[in-house]
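Here the structure comes first, spelled out in structure tokens, and everything after it is commentary.
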Amino acid sequence: MTRARFSRRRAVPLVLQAEMLECAHACLAMVANFHGQRWTLEQLRERFIPSTRGTSVSALTNMAQSIGLDTRIFRAEPVHLGRLQLPCVLHWDIVHFVVLESMADGRFTVLDPALGRATIDAAEFDKRFTGIAIECSPGTTFHPSAASGGTSALRLLVEGLRHQASRLAAVGGLALALEILALISPLFVQAATDAIIPAADTSLLIKLTCGFIAVASLHALLSLCRSNLLMTLGERLSVSWNAAVCARLLRLPYTFFIKRSISDIHSRFASIEEIKRVVTHRFVEGALDGLTAVLSLVIICFYSPMLVALTLAFTLVYGILRAVTLPHYLQAVERNIHAQSSQQGLLLEMLHGIHSIKATGAEPIKLARYTRRTSDAARSTVVVQRWSMIVDDIGQLILRLHWICAIAAASLLVMRGQLSPGMLIAYLTYASQFSIRSTHLVDLASEWRTLRLHNARLGDIVAHDGGNPGAGTIPAGDNYRIDVCDLSFRYDADGPWILDGVDLDVGDGECVAIKGPSGTGKSTLAKLLLGLLVPARGGVSINGVALDAIDNDHFRRSVACVLQDDQLFNGTIAENIAFFEPNFSRADVVRAGRLAQIHEEVMRMPLRYDTRIVDLGASLSGGQRQRLILARALYRRPRVLILDEASSHLDLENERLVNEAIRGLSVTRIIIAHRPQTLAIADRIYELAGGKLRVAETQSAAAGDGVSRPLSTEPEKELSA
């Protein structure tokens with residue numbers, strides 16, 4: 001096997017993908033960072049929008065060249081990869097990209113953006129490598145750059161500690177007092193051995209015994225106070241930190257969520273507890289461990305320099321052990337997090353779609369998939385535990401060997417008359433304290449590296465740009481006028497246009513309907529009108545004010561919608577209609593229920609509007625859920641109402657009643673529908689096809705009278721730029 005020309009002295013920085021389809025971006029970030037150009041995944045994501053269809057090899061090379069990297073594409077067998085300049089990007093598992101860091105003696109070190117760093121054998125490598133490799137090297141336009149400062153999850157969370165400064169100070173003070181009391185205790189053994197026993201001084205023995213009983217009692221009391229403070233501090237930080245991260249999460253744009261799995265986002269919140277544990281417990285303890293270790297070492301110096309050297313030597317051995325095993329442990333932790341997230345994600349998916357599983361008899365298939373993922377998660381957990389076990393067991397061996405050697409060395413000094421028996425016992429106590437505290441410090445340094453992993457996972461939420469919320473308001477008026485100009489949208493830079501130059505004017509209080517075949521972008525248009533998606537070209541304005549300049553809260557308080565993927569939430573029917581408004585009006589809830597034609601059915605339920613909705617409304621019919629969601633939109637008394645197939649699950653009679661209620665509203669309405677009965681209530685009807693919006697037939701034709709009449713005597717024209 002040819003050895004790669006790659007220095008193992010400088011590892012490739014690992015970058016894990018946050019979105020499901022950005023492995024190419026993560027690989028590019030790793031290679032660019034290795035060569036000295038600091039790119040974060042967020043920066044690459046903003047510059048090169050990840051495609052919803054994945055990234056091709058040619059697209060990846062274009063991205064690399066645009067940031068100054070020269071690229072060469074090779075089709076090669078694994079044995080020939082050593083001729084390439086490493087690190088290089090490999091096409092992996094047909095639909096994935098990874099970075100090859102090194103290869104030697106039939107072993108390949110691969111950085112997988114989804115799983116982390118792994119070293120695999122030639123058989124597995126050959127099975128997964130597709131034969132395409134991309135060599136990336138700095139070009140003439142490539143310039144190294146310093147890392148740009150971003151919002152750190154740790155920085156955000158530590159800011160919350162300022163509100164708990166008094167408790168932190170109290171915990172620190174109590175911990176310091178406990179350490180001082182712990183340092184005093186060995187002196188009792190030395191005094192008893194060297195002074196009390198040889199002199200048979202009973203009076204001194206009683207005095208010292210009472211004194212050290214008081215010390216032990218004070219130690220227990222202070223320890224209880226510190227534990228209580230730590231519990232209170234942990235509770236406050238858990239609430240404030242989770243709320244802070246959740247607030248950041250809810251401010252993120254809609255596109256953030258459609259590119260990530262729910263289970264992955266959910267699993268990132270588990271990192272908060274790990275960070276809290278390290279910051280509140282381990283950092284305070286670490287500072288005191290350091291102080292105690294230094295004081296213990298200073299005291300040992302008064303006994304013998306040789307004993308100091310012996311104690312430091314064993315501590316150094318333990319530090320080397322941790323340094324050698326830490327990369328393997330971190331890799332195992334990364335894989336374990338991914339495996340558990342994958343397992344939890346599949347379970348959530350099965351619970352969400354349990355009716356489909358039951359209806360199709362797919363339980364054995366889903367069970368087999370879940371068992372495989374559970375097995376993967378269990379194996380990854382065992383790997384983490386195995387590395388922890390190795391470090392713990394070898395660490396205990398080092399401590400025992402240190403204890404044996406310390407006893408032997410100190411006994412030798414006693415026999416030479418350089419130490420007294422009491423000094424020997426005190427030395428052993430201080431040496432044990434130093435060893436334990438110094439190993440805790442080494443462990444804390446390792447935990448800090450693990451903390452960086454959790455910081456990176458939370459950083460995808462905290463550091464993500466929430467977008468420009470805007471600060472403008474809409475001029476006052478009874479209704480809103482909506483102007484759409486040259487609106488174009490596609491989900492990725494090289495993808496097809498979903499909407500291409502759409503123009504639309506909706507006057508105050510007007511009702512406009514949009515129809516068209518499925519998959520032509522009608523729902524996308526609705527989300528653009530709501531500001532959930534950002535157009536690639538053109539824009540939307542409300543009463544003459546650009547939508548992206550309007551404050552989101554101000555805009556969405558005046559606009560209501562019913563989208564196809566809207567859901568109910570666990571709570572009462574009244575709470576769902578009022579969308580859990582703290583002090584909602586019961587009269588407004590009933591009014592909205594009547595308008596949505598759900599009131600009579602609710603009143604026939606045992607608890608009426610206090611009937612609880614569970615499992616996102618799984619016990620309700622599709623029509624009932626749809627009308628409750630419509631009632632939720634109408635409860636807000638909106639000035640703009642956007643309805644996307646809001647009556648598709650209703651029977652004809654309920655659809656007629658709902659349409660009459662919507663027709664009677666004096667608000668600006670945009671309705672997306674297929675059914676002629678719903679289209680008939682519109683003042684104007686448009687058809688969306690091929691990314692273009694065109695004038696459609698009149699209301700009478702939409703109502704099904706078989707006559708098609710254009711809105712004007714002119715030929716049908718395209719309403720696009």
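The values are calculated or read from the model by the stated rules, or taken from the named source; none is laboratory data. In this text the structure is predicted, and so the values were computed from the model without any measurement. Note that each Cβ is placed from the backbone with ideal geometry, even for glycine, and that neighbours are counted across all protein chains shown.
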Helices (runs of 4 or more DSSP H) wholly inside the range 515-587 containing at least 2 residues that are surrounded by fewer than 16 Cβ atoms within 10 Å (Cβ to Cβ) and within 31 Å of the chain's Cα centre (by Cα): 552-556
Identify, please: which residue in the range 588-629 is of a type in the set (Gly, Ala, Ser) and in a loop (DSSP other than H, G, I, E, B) and is, among those, nearest to GLU349 (Cα to Cα)? ALA618
Taking the residues in the range 110-123 that are under 30 Å from the mean Cα position of the chain (by Cα) and of a type in the set (D, E, K, R) as candidates, determine which candidate is modelled with the highest pLDDT. ASP112
Which fully enclosed strands (runs of 3 or more DSSP E) of the range 658-721 have 1 or more residues being modelled with pLDDT under 90 and surrounded by fewer than 21 Cβ atoms within 10 Å (Cβ to Cβ)? 684-689, 692-695
Residues satisfying the stated conditions in the range 610-627, i.e. modelled with pLDDT of 90 or more and either among the hydroxyl-bearing types (Ser, Thr, Tyr) or not assigned by the TED database to the domain that holds ASP566 (or both): THR611
The range 260-318, subset closer than 29 Å to GLU235 by Cβ and among the basic types (Lys, Arg), residue surrounded by the fewest Cβ atoms within 10 Å (Cβ to Cβ): ARG277
Please find, among ARG248, ARG226, the residue that is closer than 30 Å to SER342 by Cβ and of a type in the set (Lys, Arg). ARG248
Just checking, which of SER296, SER375, SER356 is in the same structural domain as GLY417 (by the TED database) and in contact (Cβ under 8 Å) with a residue 24 or more places away in the chain? SER296
Is at least one residue of the range 311-319 assigned by the TED database to the domain that holds ARG379 and not in a helix (DSSP H, G or I)? no
Out of LEU630, LEU607, which single residue is surrounded by fewer than 22 Cβ atoms within 10 Å (Cβ to Cβ), assigned by the TED database to the domain that holds THR524 and out of contact with any Cys (no Cβ under 6 Å at 6 or more places or on another chain)? LEU607
Please indicate, with yes or no, whether at least one residue in the range 146-165 is at pLDDT below 70, assigned to a helix (DSSP H, G or I), out of contact with any Lys or Arg (no Cβ under 9 Å at 6 or more places or on another chain) and of a type in the set (Val, Ile, Thr). yes
Within the range 70-92, does at least one residue satisfy the condition of being charged (D, E, K, R), touching a Leu at 6+ places or on another chain (Cβ under 7 Å) and at pLDDT 85 or above? no
From the list GLU655, GLU645, which one is of a type in the set (Asp, Glu) and either more than 26 Å from THR611 (Cα to Cα) or within 39 Å of the chain's Cα centre (by Cα) (or both)? GLU645
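Per-residue answers, yes or no, for (1) under 28 Å from the mean Cα position of the chain (by Cα); (2) of a type outside the set (S, T, N, Q); (3) surrounded by fewer than 20 Cβ atoms within 10 Å (Cβ to Cβ):
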| position | (1), (2), (3) |
| --- | --- |
| SER56 | yes, no, yes |
| ALA59 | yes, yes, yes |
| LEU69 | no, yes, no |
| ARG72 | no, yes, yes |
| LEU81 | no, yes, no |
| VAL89 | yes, yes, no |
| ILE94 | yes, yes, yes |
How many residues does the range 514-530 hold that are in contact with a Phe, Trp or Tyr (Cβ under 7 Å, 6 or more places away or on another chain) and farther than 17 Å from ALA560 by Cβ? 2
Are there any pairs with C-beta distances below 6 angstrom linking a residue in the range 64-91 that is under 22 Å from PRO13 (Cα atoms) to a residue that is of a type in the set (D, E, K, R) and surrounded by 13 or more Cβ atoms within 10 Å (Cβ to Cβ), with the two at least 6 apart or on different chains, and if so which? ARG72/GLU135; LEU84/GLU135; GLN85/GLU135; PRO87/GLU101; CYS88/GLU135
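Tell me, which residue of the range 455-498 that is of a type in the set (Lys, Arg) and under 29 Å from ARG53 (Cα atoms) is modelled with the highest pLDDT?
ARG490
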So LEU224, is it part of a helix (DSSP H, G or I), within 44 Å of the chain's Cα centre (by Cα) and under 24 Å from SER420 (Cβ atoms): no
